[in-house]
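Just below is one structure, and these are the notes that go with it.
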Amino acid sequence: MTKVLFVVSECAPLIKTGGLADVAGALPAALADCGDEVRVLLPGYRSILKHLGKTRVVETYKDLFGGAAKLRACEMAGLDLLLLDAPHLYDRDGGIYNTPTGADWPDNPERFAALCYVAAGIAKSGAAGWQPDIVHGHDWQAGLTPEYLHAMEVATPFVFTVHNIAFHGNTGAERLAALRLDAGRFNADHFEFWGQISALKAGLAGAARITTVSRTYAEELLTPEFGIGMDGILRHRQADLIGIVNGIDEAVWNPAEDPNIKPYTTAAGKAANKKALQKTFGLGKADGPLCVLVSRLTEQKGIDLLLEALPHLLEQGGQLALLGSGDPKLEVALLEAAATHSNVAVKIGYDEALSHRMMAGGDAILVPSRFEPCGLTQLYGLRYGTLPLVALTGGLADTVINASPAALTVGVATGVQFFPITAQALGNAFVRLGELYAQPKVWSAMQRNAMKQPVGWAASAAEYHGIYEALMEAKT
Ligand code: ADP
């Protein structure tokens, strides 16, 4: 049994802004099935501590990056948690990364450095008698951990998972002392990135193994286009870079037992959910497919491409129901499209229950991302018989089988992929989707294929387990 400390800034169902939280919330249970014991070190954000039941204080810190702090242990939602209760860093209104007006918190570098510092301390001395064999950090918020492990002279191996390379956690060199970093290691071999301190770079340089969330993304990261400045270090570390596709929590995303929907076990059961969803979104009946999209609204997610290609969907008699929030410009443009077209409906906001109803009621789920490390909504779509229409990139390339003539003949297609990632190619994909939808037998066969795809965590958790085992063997 390997004891693993997850270091992560969000974890479903406690706190979530994106797919990172889903992974941190579901992977520990899947690893437990492999025989590993995971504890999750998470910032004690106000919203978490407010709803907390009983906790045990297992460590206290007199001065943790500017204030006193406590480490609290508890079990919650089936997870073994270690919550860093540091009011000066986490007890505030607003988002977990952003102020109420949307700017990054100015002290984000300290907020997440503190988490890494505490992680290294747990690796060194344990917490309430529990000491990890492996520290597994996720994204830049956990990136400085190997620097503190080094400073504390701890040999515990560090595994680093990149969920999205676009976020670097960079800050100016004047913060070296404030972040308790060793100025002697402020160089290109460790955590210096073009004159700045980079938490992501620190993680990439200091990890025993680097993983990312799909095989295709692992390859893409080695190129300047996708590596976003980190491709050089990643090419250097290529021998230790492994792509492991994300799974989904099959208990939470299960159409047969989902409390948010009219449950079903075959795609025929989607009809009642579709009707209900159309009503919710104020959409009427239509001849073409009802496409749904649930996402952060950012440049990455290709929402502008969708807006441009939309006429092709509408010409097919298709409909769009979209749920998301983010870039105000995109929000306005989407609301304008909804006001102009009766077959387009948009809800701005974040709504977990509605996202389940959209998976159940939609015919197709859209993911037109410019890049997508893994993507989760296409996996929910597969499980719910809601066919993914996706860009050919990252995890979207690895999890969807395109309805090419060959795949249709063999009977393995599960969705539609488009490339290059342009509005024109997306428009053509809408035409293909409409043609497939107009052939009920073909469409039903694809839905059956989709619902059969393995999208749970079992296989991927076994891969992480294999990495831990290899590192443990190398230690002895
Ligand atoms: P990313 O992590 O880049 O945001 P993913 O597809 O990996 O993208 O994960 C996004 C997660 O957040 C999914 O679980 C998705 O259902 C959820 N999500 C995103 N936006 C919303 C929203 N507006 N309402 C409900 N869930 C959302």
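Among the trypsin sites (Lys or Arg not before Pro) found in the stretch 282-353, those both in a DSSP coil and sparsely packed, with 16 or fewer other Cβ atoms within 10 Å of their Cβ, are K285. Note on the stretch 73-123: Cα-only Rg and Dmax are 12.8, 37 Å. Our summary of shape: the Cα atoms of the chain have principal axis extents of 65, 43, 42 Å, ordered from largest down, in whole angstrom. For the chain, adding -39500 (n - 2.57) for each run of n ≥ 4 DSSP H residues and dividing by the number of residues yields -11500 deg cm²/dmol at 222 nm.
How big is the Rg/Rh ratio for the stretch 267-452, C-alpha atoms only, Rh by Kirkwood, two decimals?
Rg/Rh for the stretch 267-452 comes to 0.92.
Given a Förster radius of 51 Å and the C-beta distance between L49 and S444 as r, what FRET efficiency does 1/(1 + (r/R0)^6) yield to the nearest 0.05?
After rounding to 0.05, the efficiency reads 0.55.
With a 1.4 Å probe and all protein chains left in place, how much accessible area per residue does the chain have, in Å²? Roughly 40 Å² per residue, with all protein chains present. In this simple spin-label approximation, R92 and T280 carry label points 7 Å from Cα along the Cα→Cβ vector, and these lie 3.4 nm apart. Helix 303-315 axis versus longest C-alpha principal axis of the chain: approximately 20°, rounded to the nearest ten. Amide hydrogen proximity for V38: with H placed 1.01 Å from N in the peptide plane, the residues at 5 or more positions away or on another chain lying under 5 Å are V4. Placing unit charges on the Cβ atoms of the charged side chains and taking the dipole of the chain about its Cα centre, the candidate lying farthest along the positive direction among P440, F193, Q141 is P440.
For the stretch 159-247, what class follows from the C-alpha gyration tensor (a ≥ b ≥ c being the square roots of its eigenvalues): rounded when a/c is under 1.5, otherwise prolate if a/b is larger than b/c, else oblate?
Values: a/c = 2.11, a/b = 1.96, b/c = 1.08.
Since a/c reaches 1.5 and a/b is larger than b/c, the shape of the stretch 159-247 is classed as prolate.
Over the stretch 1-96, the hull volume per residue, using the convex hull of the C-alpha atoms, is 97 Å³.
A simple count of charges around G427, restricted to other residues whose Cβ falls under 14 Å of its Cβ and scoring Lys, Arg +1 and Asp, Glu -1, yields -3.
Cross-link reach is defined here as a Cα-Cα straight distance under 17 Å, omitting same-chain residues fewer than 8 places apart; for K452 the aspartates and glutamates meeting it are D249, E250, E257, D363, D398.
Leaving out ligands, DNA and RNA, and with a 1.4 Å probe, what % of the accessible surface on the chain is carbon or sulfur? Spell out each step's value before the answer.
Working: 10200 of 19050 Å².
In the chain, the share of accessible area belonging to carbon and sulfur is 54 percent.
Put simply, the convex hull of the Cα atoms in the stretch 221-268 casts, on average, a shadow of 6.0 nm². Share of antiparallel DSSP beta bridges in the chain, in percent to the nearest 5? In the chain, DSSP labels about 30 percent of beta bridges as antiparallel.
Near H136, the amide H atoms lying under 5 Å from its own belong to L5, F6, V7, V159; only residues 5 or more places off or on other chains count, and H is placed 1.01 Å from N.
In order along the stretch 445-457, the phi-based Karplus estimate (6.51 cos²θ - 1.76 cosθ + 1.60, θ = phi - 60°) of 3J(HN,Hα) comes to 5, 5, 4, 4, 4, 4, 5, 8, 4, x, 10, x, 8 Hz; Gly and Pro are listed as x.
Between the helical axis of 458-475 and the longest alpha-carbon principal axis of the chain there is an angle of about 20 degrees.
Here the Karplus curve 6.51 cos²θ - 1.76 cosθ + 1.60, taken at θ = phi - 60°, turns the phi angles of the stretch 6-16 into couplings of 7, 10, 7, 9, 8, 7, 6, x, 6, 7, 8 Hz, with x standing for Gly and Pro.
Taking each of K16/K475; K275/K347; K3/K124; K62/K124; K274/K441; K16/K270 in turn, the alpha-carbon distance tops 24 angstrom for K16/K475; K16/K270. Of the whole protein surface, T55 contributes about 40 Å² of accessible area at a 1.4 Å probe radius.
The values are calculated or read from the model by the stated rules, or taken from the named source; none is laboratory data. In this text, all values refer to a predicted model and were calculated from it rather than measured experimentally. Don't worry about glycine lacking a Cβ; one is built from the backbone with ideal geometry, like all the others, and counts go over all protein chains shown. With ligands, DNA and RNA removed, areas are computed over all heavy atoms of the protein, side chains included. Shrake-Rupley method; radii C 1.70, N 1.55, O 1.52, S 1.80 Å.
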